[in-house]
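Chemist: Questions regarding the structure given below will be posed in turn.
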Amino acid sequence: MAKNPKHRDLFPGALEIMILQSLRVRPMHGYALVKHIKEVSNDLLQVEEGSLYPALQRMLREGWLESETGTSSKGRPTRVYRLTDAGVRHLEKEVVSFERMFAGITRVLAVVAPLEA
């Protein structure tokens, strides 16, 4: 994530969930993933290449992604990443876990502190 006062670091696993969900939409190369996440989040989330590529390598090792050599829109060779069946299963499990965590945070934020006299 960019070091910008308006941008906060993601919780552990958030980058992976966003990458997996983005690749569920369609296979993409790294730069397209960065652009997709930025656009879909209305510029609220900016993924740095220094975070993206290590995450992609981890997910390739885990078997959640596969890659093949492709060509960018500018005609340059690039790696195109695709979600595997194992990646779909992992994403579904992580989304359920995230939804539980988000529900808990929402409940904590809903508690109103009494006004002090």
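The values are calculated or read from the model by the stated rules, or taken from the named source; none is laboratory data. Here the structure is a predicted model, which is why all the values come from computation and not from measurement. In this analysis, Cβ positions are derived from the backbone assuming ideal geometry, glycine residues included, and neighbour counts consider all displayed protein chains. The protein model used for the area step is the full one, side chains on, heavy atoms only, and it has no ligands, DNA or RNA in it. Shrake-Rupley method; radii C 1.70, N 1.55, O 1.52, S 1.80 Å.
Chemist: So for the chain, what are the equivalent ellipsoid semi-axes in whole Å, largest first, each being the square root of 5 times an eigenvalue of the Cα gyration tensor? Numbers along the way, then the final one.
Modeler: On the way: eigenvalues 208, 64, 23 Å².
Working through the eigenvalues yields semi-axes of 32, 18, 11 Å.
Chemist: Moving on. Given labels modelled 7 Å from the Cα in the Cβ direction, how far is it in nm from residue 97 to residue 40?
Modeler: Rounded to a tenth, the inter-label distance reads 1.9 nm.
Chemist: Let me ask something else about it. Per residue, what accessible area does region 30-71 have, given a 1.4 Å probe and all protein chains present, in Å²?
Modeler: 61 Å²
Chemist: Across region 41-54, in residue order, what do the Karplus-derived ³J(HN,Hα) couplings come to in whole Hz, using 6.51 cos²θ - 1.76 cosθ + 1.60 with θ = phi - 60° and x for Gly and Pro?
Modeler: Along region 41-54, the couplings run 8, 6, 6, 7, 10, 10, 8, 7, 4, x, 9, 5, 5, x Hz.
Chemist: Now, a different point. How many lysine pairs does the chain hold where the Cα atoms are under 23 Å apart and the two sit 8 or more places apart or on different chains?
Modeler: 6
Chemist: Got the relative contact order for the chain handy, in percent, Cα pairs under 8 Å and 6 or more residues apart?
Modeler: Details: 112 pairs, mean separation 29.3, N = 117.
For the chain, the relative contact order is 25 percent.
Chemist: Take the chain, mark every one of the GluC sites (Glu not before Pro) that falls in a DSSP loop and has at most 14 other Cβ within 10 Å, then report the longest stretch left between them, sites excluded.
Modeler: On the way: sites that count: 48, 116.
Longest run free of exposed loop sites: 49-115.
Chemist: Hey, what angle do you get for helix 85-110 against the long axis of the chain, alpha-carbon based, 0 to 90 degrees rounded to 10?
Modeler: Its long axis makes an angle of about 20 degrees.
Chemist: While we're here: Given charges of +1 on the Cβ of Lys and Arg and -1 on the Cβ of Asp and Glu, with all other atoms neutral, how large is the dipole of the chain about its Cα centre, in debye to the nearest 20?
Modeler: Once rounded to the nearest 20, the dipole reads 280 debye.
Chemist: Rank these by accessible area, largest first, 1.4 Å probe: 69, 106, 84.
Modeler: Largest accessible area first, the residues go 69, 106, 84.
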